[in-house]
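*Asks:* Below you'll find the structure I mean.
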Amino acid sequence: MAIKIKSVSKSAAKYVERGSQAGDEFREGVSDTTDQAERAIAAEPAYVAGIQDSIARGARVAGLQKSGTDKWKRKTLAVGPRRLVEGIRAAKSDYADGVSEFFSVIAALDLPPRGPKGSPENFERSRIVGDALHAKKIEG
């Protein structure tokens with residue numbers, strides 16, 4: 001006996017209808033979560049296994065080939081610009097918190113004098129900044 005299912009168009013309409021009303025449930029789910037980082041860390045073995053399985057099956061490449069550039073552009077242009085702006089506005093204090101320690105590292109450096117454009121002295125200045133920032137990054 002064949003399985004009776006809804007048409008694709010009805011299913012898609014229901015998906016949009018129900019998804020459009022899910023904001024409160026989404027908010028509640030996030031609010032009720034006590035420690036997402038702890039739970040994610042505890043799930044690390046499952047995450048690693050899933051990534052390794054995906055790599056072994058070539059799933060990422062297959063998915064990219066299936067969706068293609070046209071779908072990526074269509075979806076990105078449909079929602080991306082708005083989400084980008086909203087995300088940047090919402091992240092202002094997080095950005096400041098995240099970069100402040102790196103700005104402090106740069107401000108504390110004692111760089112040698114600048115040389116002529118393209119000179120070894122200028123590359124040395126860049127190396128000093130790069131080394132200091134890298135050390136801060138891996139220090140955590």
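*Asks:* Of all residues being within 23 Å of Glu101 (Cα to Cα) and hydrophobic (A, V, I, L, M, F, W, C) in the stretch 113-140, which is farthest from the chain's Cα centre (by Cα)? Just the residue, please.
*Replies:* Let us first name the residues in the stretch 113-140 that are within 23 Å of Glu101 (Cα to Cα), namely 124-140.
Next, from what is left, pick out any that are hydrophobic (A, V, I, L, M, F, W, C): 128-129, 132-133, 135, 138.
Details: Ile128: 29, Val129: 26, Ala132: 25, Leu133: 21, Ala135: 23, Ile138: 19 Å.
Among them, the one singled out is Ile128.
*Asks:* Which number in (1) closer than 30 Å to Gly140 by Cα; (2) among the charged types (D, E, K, R); (3) modelled with pLDDT under 95 marks the one condition that Asp24 misses?
*Replies:* So Asp24 meets the others, but not (1).
*Asks:* Quick one: which residue in Leu77, Leu64 is surrounded by 10 or more Cβ atoms within 10 Å (Cβ to Cβ), outside the structural domain of Glu124 (by TED's automatic domain parsing), out of contact with any Lys or Arg (no Cβ under 7 Å at 6 or more places or on another chain) and part of a helix (DSSP H, G or I)? Walk me through how you get there before you give the answer.
*Replies:* Details: Leu77 fails: surrounded by 10 or more Cβ atoms within 10 Å (Cβ to Cβ).
Just one listed residue meets the conditions, Leu64.
*Asks:* Still on this structure: Across the stretch 66-107, which residue is nearest to Glu139 (Cα to Cα) among those that are touching a residue at least 12 places away in the same chain (Cβ under 8 Å) and over 22 Å from the mean Cα position of the chain (by Cα)?
*Replies:* As a first pass, look at the stretch 66-107 and keep what is touching a residue at least 12 places away in the same chain (Cβ under 8 Å): 101-102, 105-106.
Checking which are over 22 Å from the mean Cα position of the chain (by Cα) leaves us with 105-106.
Values: Val105: 12, Ile106: 15 Å.
Ranking the candidates gives Val105 first.
*Asks:* Would you mind stating whether Val85 is surrounded by 10 or more Cβ atoms within 10 Å (Cβ to Cβ), among the aliphatic types (A, V, I, L, M), out of contact with any helix residue (DSSP H, G or I) (no Cβ under 6 Å at 6 or more places or on another chain) and modelled with pLDDT under 95? Even if it seems obvious, please write down each step before you answer.
*Replies:* On the way: surrounded by 10 or more Cβ atoms within 10 Å (Cβ to Cβ): yes; among the aliphatic types (A, V, I, L, M): yes; out of contact with any helix residue (DSSP H, G or I) (no Cβ under 6 Å at 6 or more places or on another chain): yes; modelled with pLDDT under 95: yes.
It is true that Val85 is surrounded by 10 or more Cβ atoms within 10 Å (Cβ to Cβ), among the aliphatic types (A, V, I, L, M), out of contact with any helix residue (DSSP H, G or I) (no Cβ under 6 Å at 6 or more places or on another chain) and modelled with pLDDT under 95.
*Asks:* With (1) assigned by TED's automatic domain parsing to the domain that holds Leu133; (2) at positive phi; (3) not polar (S, T, N, Q) as the list, and Phe102 as the residue in question, which single condition is left unmet?
*Replies:* Evaluating Phe102 over (1) assigned by TED's automatic domain parsing to the domain that holds Leu133; (2) at positive phi; (3) not polar (S, T, N, Q) leaves (2) as the failure.
The values are calculated or read from the model by the stated rules, or taken from the named source; none is laboratory data. These figures come from a predicted structure and were not determined experimentally. Cβ sites come from the backbone with ideal geometry, for glycine too, and all protein chains shown count toward neighbours.
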